[in-house]
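Peer 1: Just dropping this structure here.
The values are calculated or read from the model by the stated rules, or taken from the named source; none is laboratory data. It should be emphasised that the depicted structure is a prediction, and the values quoted were computed from it without experimental measurement. Please note: Cβ atoms are built from the backbone with ideal geometry, for glycine as well, and neighbour counts cover all protein chains shown.
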Amino acid sequence: MVFDVFDGLWRVYDGWYVRNAVTAENEVRAVSLALSGVPRPWVEVGVGTGFFAWRLGVEYGVDPAVNALALARERGVEVVAGVGEALPFRDSVFGGVLLIVTLCFVDDPAAVMREAVRVLRPGGYVVACVVPRESAWGRYYEGLREASPFYSVARFLTTREVEALAEGAGLEPVGWVSTLTYGPLDEPRPEEPFEGLGGGFSCLRARK
């Protein structure tokens, strides 16, 4: 299964954030902007090693990769093992549900989005961040399928496909936040995130 890759290679996965510190920081800023005004508590579905949850103060996380969850727990995130298609939470308990580069690695993205809506309170938000398939970054990662154990199991989505998943689950898309206007082979540089599309990392805000 897909999560076996992350469970077995969690150190390699988490090391990406160290090796690509500038790009990772740009992504953190983008998610932070997308979370502006989103009521708490927050849960990250596909929390992995907890890098984003730790940096952003996300209280809860869920992931099937138990080895990765051990590091997320060390980082102060309250975690539980589980899959996005069947979240181990009651209905309407969270103000914000984060899906940070999660939809491209799950078995059933539509089911994950429906579950995100189920555990979300009315007036809450799903923040779904992706590497858009139509972006330079998406095309680059698609080209690494044979060389990377992570990208070999990814199914990159277009921004329109992400919006359709949100709408299909009953959410109202209210806008995008993006970053990474430089290319994947360019020298990374610090960026301020911006409203709209046009980068290699984009977060949809969708309201219940």
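Peer 1: Only one residue in Val117, Val127, Val31, Val112 is assigned to a helix (DSSP H, G or I) and in contact with a Cys (Cβ under 8 Å, 6 or more places away or on another chain), so which one is that?
Peer 2: Of the residues listed, the single one that is assigned to a helix (DSSP H, G or I) and in contact with a Cys (Cβ under 8 Å, 6 or more places away or on another chain) is Val31.
Peer 1: Has region 70-79 got any residue that is surrounded by fewer than 18 Cβ atoms within 10 Å (Cβ to Cβ), more than 17 Å from the chain's Cα centre (by Cα) and on the phi > 0 side of the Ramachandran plot?
Peer 2: Yes, region 70-79 has at least one match.
Peer 1: Say we look at region 136-159 and pick out the residues that are in contact with a strand residue (DSSP E or B) (Cβ under 9 Å, 6 or more places away or on another chain) and in a helix (DSSP H, G or I); which of these is modelled with the highest pLDDT?
Peer 2: Kept after step one, since they are in contact with a strand residue (DSSP E or B) (Cβ under 9 Å, 6 or more places away or on another chain), are these residues of region 136-159: 137-138, 156-159.
Then drop every residue that is not in a helix (DSSP H, G or I), which leaves 137-138, 159.
Values: Trp137: 94, Gly138: 91, Thr159: 98.
Across region 136-159, the extreme among qualifying residues is Thr159.
Peer 1: Can you pull out the residues in region 55-83 that are of a type in the set (Asp, Glu) and closer than 17 Å to Val31 by Cβ?
Peer 2: Glu59, Asp63, listed by residue number.
Peer 1: Does region 52-62 include one or more residues that are over 14 Å from the mean Cα position of the chain (by Cα) and at positive phi?
Peer 2: The answer is yes, given that some residue of region 52-62 is over 14 Å from the mean Cα position of the chain (by Cα) and at positive phi.
Peer 1: Looking at region 31-60, which of its residues are farther than 21 Å from Phe201 by Cα and without any contact (Cβ under 8 Å) to a residue 40 or more places away in the chain? Can you show your working first?
Peer 2: So in region 31-60, the residues farther than 21 Å from Phe201 by Cα come out as 39-41, 59-60.
Matches in region 31-60: Glu59, Tyr60.
Peer 1: Now, a different point. Pairs needed: first member in region 108-128, over 14 Å from Gly96 (Cα atoms); second member anywhere, small (Gly, Ala, Ser) and crowded, with 24+ Cβ neighbours inside 10 Å; C-beta distance under 8 Å; at least 6 residues apart or different chains.
Peer 2: Sorted first by the residue in region 108-128, then by its partner, the pairs are Ala111/Gly84; Val112/Gly84.
Peer 1: Sticking with this structure for a sec: Cβ contacts < 8 Å: first residue β-branched (Val, Ile, Thr), restricted to region 64-79; second residue at pLDDT 90 or above and part of a helix (DSSP H, G or I), any location; separation 6+ or different chain. Result?
Peer 2: If the second residue must be at pLDDT 90 or above and part of a helix (DSSP H, G or I), the pairs left are Val77/Ala53; Val77/Trp54; Val79/Leu69; Val79/Ala72; Val79/Arg73.
Peer 1: Just need a number here: residues in region 184-208 that are surrounded by fewer than 13 Cβ atoms within 10 Å (Cβ to Cβ) and assigned to a loop (DSSP other than H, G, I, E, B).
Peer 2: 7
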